[in-house]
1. Along Cα→Cβ, 7 Å out, is where each label goes; now give me the distance between the ones at A:T326 and A:S271 in nm to one decimal.
2. How far is B:K122 from the same spot in each other copy, in nm, shortest first, if each label point sits 7 Å from Cα toward Cβ?
3. Over what distance in Å are the Cα centres of the range B:121-174 and the range A:34-65 separated?
4. Rounded, prolate or oblate, given the Cα gyration tensor of the range B:75-143, with a/c below 1.5 counting as rounded?
5. Across the range B:30-161, how many lysine pairs, 8 or more positions apart or on different chains, have C-alpha atoms separated by under 18 Å? Please give the number.
6. Long-range amide H contacts for A:V362: which residues qualify at under 5 Å (H placed 1.01 Å from N, peptide plane, sequence gap of 5 or more or a different chain)?
7. Run the quick spin-label model on B:T319 and B:K56: label points 7 Å from Cα toward the beta carbon, then report their separation in nm to one decimal.
8. Label points 7 Å out from Cα along the Cβ direction at A:N148 and A:A370: separation in nm?
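Values in this text are rule-based calculations from the coordinates and carry no lab data. Owing to the predicted nature of the structure, the values given are computational and were not obtained by experimental measurement. Because the Cβ atoms are built from the backbone with ideal geometry, glycine has one as well, and the counts that use them run over all protein chains shown.
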Number of protein chains: 2
Amino acid sequence: MLLVSALILSSDACIAQTNEPANDWKPATTNQGGKEYPQVNSEGRVKFRVVAPEAKTVGCTFRDSSEFKKGDDGAWYGYTRLLDEGFHYYMLKIDGAEVPDPNSLFFYGAGRWGSAVEIPAKDRDFYALKDVPHGQLREIWYFSKSSNTNRHAFVYTPPGYDKDTRKRYPVLYLQHGAGEDETGWGHQGHAGWIMDNLLAEGKTKPFIIAMEFGGNPFAAGARRPTNAPPASASASGTNNAAGPERRPAFNFNFSAFEHALIDDFIPYIDSTFRTIADQPHRAMAGLSMGGMQTRTITLAHLDKFSHIGVFSGGSIGLTNITDMATFKKKAKVVFVSYGSKENGAAAKANVEALRQAGINSVYYESPETAHEWQSWRRSLKEFAPLLFKD
Amino acid sequence: MLLVSALILSSDACIAQTNEPANDWKPATTNQGGKEYPQVNSEGRVKFRVVAPEAKTVGCTFRDSSEFKKGDDGAWYGYTRLLDEGFHYYMLKIDGAEVPDPNSLFFYGAGRWGSAVEIPAKDRDFYALKDVPHGQLREIWYFSKSSNTNRHAFVYTPPGYDKDTRKRYPVLYLQHGAGEDETGWGHQGHAGWIMDNLLAEGKTKPFIIAMEFGGNPFAAGARRPTNAPPASASASGTNNAAGPERRPAFNFNFSAFEHALIDDFIPYIDSTFRTIADQPHRAMAGLSMGGMQTRTITLAHLDKFSHIGVFSGGSIGLTNITDMATFKKKAKVVFVSYGSKENGAAAKANVEALRQAGINSVYYESPETAHEWQSWRRSLKEFAPLLFKD
């Protein structure tokens, strides 16, 4: 017994000394069906397997990863540093080519469809697929007069939406970050399962979530809709008068998106879904750039929005509010959040100042996360229960 | 003038002799937003650009493609043979690694998420995005008792479904092929836009389309749902009792899918959507393996289905029908189709025999296409107007 213990201890010590990763690898939940790699271990490392028989060098875009080496089976293996819990975009590098990992599912982020991997979080239960009543994620196309284009969006309708067709619902307009698009919240954000689970536990009121493309500040120019049936005719441009949207660059000027949202999208949602189409029953939130858009647009349209959520995207300070009496009357909730590994100190102070001024303002810090989706999934989970309470 | 003409003629002749591709390349409609490559030309070739600075060899999975060579910008260029009109799956090959093209959108086919390219077809207008009323493509999750899993499906609801909430609709159950999944018809199949356009022209009755995963006969074993938020908890398997479906191998035994469809999916659709839940208002169709499933399942359940569509997946012969009197009474339409580059002769003869026997049976041949999506998009376009006419 003592001998065995000693061996185990020395084995542990050896692992610590040589920094060998823990050998409890499991396939990532972000893998394509049936794919054994990439794998994640209990430390939060990711291990890749890449079949590239003739390659000289193989790697990935995670910084500080191990050297990739050929295994006995001729495939390349390598692993990452310790990563935070949650969701991370990446690409493989094969002889200098940056390509998606053929083993992973694909997500839109960093301005492209590419690979991503999920490090299981201790609190992952709140966005897990469970046997509870499910809402629907609806892919919609609508014609935007302001831009003369067909625009693409997603709408989450809560469980039971199709059952009682007299019931009407409030709406949360929920925006993605820079380099992301309208697919983000429904896909990697798990907005639908977060809402389904909150609703099953009676922790939030049911509401509709509308998710639009908010622009790409990094775009060099035109851009097609993504994660959607591509417009078959647009290569010729001849047989599709109202073709798919050619999206302009934004450069953090949000006025084009503001027009699309206020003049086209909100009226479309209100005319297509059973919404309660008034200011008290309309919220806006967003992450990163989407948070900045939320601040800019809600402050300019307090007649349209009552609940405001800014996730890792700044905050609302007293100096941003030109008419405090109106703001107090109109803004029912101001929610601001950051990951603990971001610098949220100024935002937290602003929230406190708002609260001192009599605004219902809430600050949330996501434990041990940075400027990534785990912070924003948690932010939605914290924000939703504050909405439409009266 | 004569000299110029002569030069042009000799230039043309030269092109023909050396088999140089036509130099009218345009970005493919299947590219990610803003990506200039892959490009397609008027001949139906695809030209790739691959950034792989250190690679020794670069290519693609299209057979008979040109050699890929480094261009002046250091990127690799190569092009394909003449391809048929329509949609083709492919992957890049970089020093022996088969990887998705980082420039293309991703589609599920050939048993994996990977790249695809669209060769514009002369008749592409029927599946183009137009400024017409649009239906919705709804992503749904439902609990299947027969398999004790959460199952993933898509449902197309026609334009106006949410407007008149007293109206009820027939349902077409529409299946993908082997190596594909429930995302195929809504994504590369353009089922939604085909229906939107037919409806806008008054060429079909409105109906719901329900699209389920029909199994993967090539699967080595378990398989996670795809194109859907992955189950965050399944890596540990501890906090998600009713976890995502572990899909069994089928090996062209359709009984598991038959149970899922008949016992779980149809009842779920009928209880969740405003269907007309009877045999005269229920159709089934599918492509390739989905066509075989359609034949097997409709013949075994003529009490449930009245309209039958088999696209590139065999046909129904007189010998398949055990009780002709019942079949005549129950089967309102038997539609069978093949691409002209497939061998549809036996199917065509079977359709003619059914017609002689007094069955409303229709054969359609898709011009100049093979066992690919262009055949099946056209088949849906031809089949839909035949449905639910009385």
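1. Taking the simple label geometry, A:T326 and A:S271 are separated by 2.7 nm.
2. 6.6
3. First find each Cα centre; the distance between them is then 38 Å.
4. On the way: a/c = 2.73, a/b = 1.37, b/c = 1.99.
In terms of gyration-tensor shape, oblate.
5. Taking the range B:30-161 as the scope, the lysine pair count is 10.
6. Amide H to amide H, under 5 Å and 5 or more residues apart or across chains, A:V362 pairs with A:V334, A:F335, A:V336.
7. 5.4
8. Between A:N148 and A:A370, the simple spin-label model gives 4.4 nm.
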